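The values are calculated or read from the model by the stated rules, or taken from the named source; none is laboratory data. Computed from a predicted structure; not experimentally measured. Counting neighbours? That spans all protein chains shown, and the Cβs are built from the backbone with ideal geometry, glycine included.
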Amino acid sequence: DHTAPHIFERFAEAVIKAPEVLECHMVVGGFDYLVKARISEMAAYQDFLTRVILPLPGVKETHTYASIGDVKPDALLPV
């Protein structure tokens, strides 16, 4: 709901510590972060959301998208 350097730092610290998080990207647009997490089931997702994401200051809302299949997983960048 607001942006300040300490808010971003606290968010980053929390997602770095969360073993469920595979990737986290700061983005430009309608929200500030895109978090890719691997969760075994919806009950575990609810726990992750309640324990890690929602307690953080500045978190106003979340949007969840569950993957139901891979089209192009793990695409490598050419070097």
Could you list, in sequence order, the residues of segment 1-50 that are exposed (fewer than 13 other Cβ atoms within 10 Å of the Cβ), farther than 22 Å from residue 66 by Cα and among the hydrophobic types (A, V, I, L, M, F, W, C)? 4
Report the residue count in segment 16-57 for those that are touching a residue at least 24 places away in the same chain (Cβ under 8 Å), among the aromatic types (Phe, Trp, Tyr) and outside any helix (DSSP H, G or I). 1
Per the filter on segment 21-79, residues within 23 Å of residue 3 (Cβ to Cβ), acidic (Asp, Glu) and modelled with pLDDT of 90 or more are 23, 61
Taking the conditions exactly as written (surrounded by 10 or more Cβ atoms within 10 Å (Cβ to Cβ) and either small (Gly, Ala, Ser) or assigned to a loop (DSSP other than H, G, I, E, B) (or both)), does residue 75 satisfy them or not? no
